[in-house]
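Since the structure comes first, as structure tokens, the remarks are kept for the end.
No value in this document is a laboratory result; all are computed from the given coordinates. Quick caveat: nothing in here was measured; it's all calculated off a predicted structure. Because the Cβ atoms are built from the backbone with ideal geometry, glycine has one as well, and the counts that use them run over all protein chains shown.
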Amino acid sequence: MITIPLKTKPSMSHLLLKDTFDQFSFIEGEITTFNTFTIDGYLQKDFFEEKPEDSHAHWKDVREFCFQIIRGKRTPLNFKIILSLAPENFPGFLNQQNVTGFRPEDIQGMYLNLSYDGLNLTCITGISMKTFTMDKSLERAWDDAAQKKLLELELVV
């Protein structure tokens with residue numbers, strides 16, 4: 001787990017206006033403007049005629065809704081948005097990063113916790129496993145990959 005300070009304006013553009021994070025799962029969000037809006041990313045499967053396989057919405061499905069809450073002349077007082085690498089991307093990530101000793105089905109989530117306090121935007125990385133492990137290689141690989149991607153996008157302060 002690492003904390004990465006982000007440049008607010010370009011990061012907000014990537015988060016809300018571009019498709020940079022669209023393939024991530026949306027876990028939850030809380031946005032405070034004139035009210036506090038809390039959004040649970042868990043899909044209500046009974047709502048759909050054809051039940052989705054995913055447990056959570058993708059960011060692309062709620063991005064516009066969040067943008068509508070945030071946009072305006074005044075910045076939000078604060079917000080917290082939690083994204084996770086989508087489960088269908090776990091095998092590719094493990095392969096690409098040469099992380100062995102983990103099965104995709106044992107990973108609960110690989111998270112980007114985006115937090116804005118009214119002045120500063122930060123990203124805290126994290127992983128969650130369905131089983132206990134002392135092996136930190138996946139956590140280190142996720143931290144490194146997240147930081148590298150954010151640096152490539154020139155979003156890091």
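Residues in the stretch 127-156 that are assigned to a loop (DSSP other than H, G, I, E, B) and polar (S, T, N, Q): 131, 133.
Looking at 114, 121, 77, 153, just one residue is in contact with a Cys (Cβ under 7 Å, 6 or more places away or on another chain) and touching a residue at least 40 places away in the same chain (Cβ under 8 Å), and that residue is 114. State whether one or more residues within the stretch 108-126 are of a type in the set (A, V, I, L, M), surrounded by 12 or more Cβ atoms within 10 Å (Cβ to Cβ) and part of a helix (DSSP H, G or I). No, the conditions are met nowhere in the stretch 108-126.
Just one of 44, 68, 23 is in contact (Cβ under 8 Å) with a residue 60 or more places away in the chain and farther than 17 Å from residue 115 by Cα; which is it? Every option except 23 fails the conditions. Return the residue satisfying two criteria in turn: it lies in the stretch 121-152 and is of a type outside the set (Ser, Thr, Tyr) and in contact with a Ser or Thr (Cβ under 7 Å, 6 or more places away or on another chain), and of such residues it is farthest from residue 86 (Cα to Cα). Looking at residues that are of a type outside the set (Ser, Thr, Tyr) and in contact with a Ser or Thr (Cβ under 7 Å, 6 or more places away or on another chain), I get 121. Of the strands (runs of 3 or more DSSP E) contained entirely in the stretch 1-107, those carrying at least 3 residues that are of a type in the set (A, V, I, L, M, F, W, C) fall at 24-32, 78-85.
Looking at this structure, is residue 82 in contact with a Pro (Cβ under 6 Å, 6 or more places away or on another chain), closer than 30 Å to residue 46 by Cβ and surrounded by 15 or more Cβ atoms within 10 Å (Cβ to Cβ)?
No, not satisfied.
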